[in-house]
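The values are calculated or read from the model by the stated rules, or taken from the named source; none is laboratory data. Bear in mind the structure is a predicted one, so any value in this text is a computation, not a measurement. Counting neighbours? That spans all protein chains shown, and the Cβs are built from the backbone with ideal geometry, glycine included. For the accessible areas, the whole protein counts, side chains as well, though only heavy atoms, and no ligand, DNA or RNA atoms are used. Shrake-Rupley method; radii C 1.70, N 1.55, O 1.52, S 1.80 Å.
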Amino acid sequence: MNEITIGLPGVERAELGDLADATGRTPEDVVREAVRAHLRAEREKIAEAAGRLADRHAPLLRRLGR
């Protein structure tokens with residue numbers, strides 16, 4: 001597994017630790033889940049934008065044989 005190290009201000013690190021404790025997870029698990037959720041949301045936004053562009057340019061794409 002690849003690793004990434006990030007710095008968090010003390011307050012955020014404490015909140016992360018509190019959330020992890022309260023939910024029975026490790027801080028790493030909380031962060032991993034947050035990153036996965038963010039990546040999913042970004043993928044959805046990009047897919048929606050690509051769909052809008054494809055719709056907007058459908059005539060041109062058809063002429064180009066796509």
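A few comments on the model shown:
- For the range 43-66, a residue qualifies if it is outside any helix (DSSP H, G or I) and either touching a strand residue (DSSP E or B) at 6+ places or on another chain (Cβ under 6 Å) or not small (Gly, Ala, Ser) (or both), and the qualifying residues are HIS57, LEU64, ARG66.
- Members of the range 1-16 found to be part of a helix (DSSP H, G or I), among the hydrophobic types (A, V, I, L, M, F, W, C) and surrounded by 12 or more Cβ atoms within 10 Å (Cβ to Cβ), listed by number: LEU16
- Options LEU64, LEU19; residue that is open to solvent by 100 Å² or more (accessible area, probe 1.4 Å) and without any contact (Cβ under 8 Å) to a residue 40 or more places away in the chain: LEU64
- Options ARG25, ARG32, ARG36, ARG40; residue that is open to solvent by 70 Å² or more (accessible area, probe 1.4 Å) and outside any helix (DSSP H, G or I): ARG25
- Taking the listed residues ARG40, ARG25, the one that is without any contact (Cβ under 8 Å) to a residue 60 or more places away in the chain and within 16 Å of the chain's Cα centre (by Cα) is ARG40, with no other qualifying.
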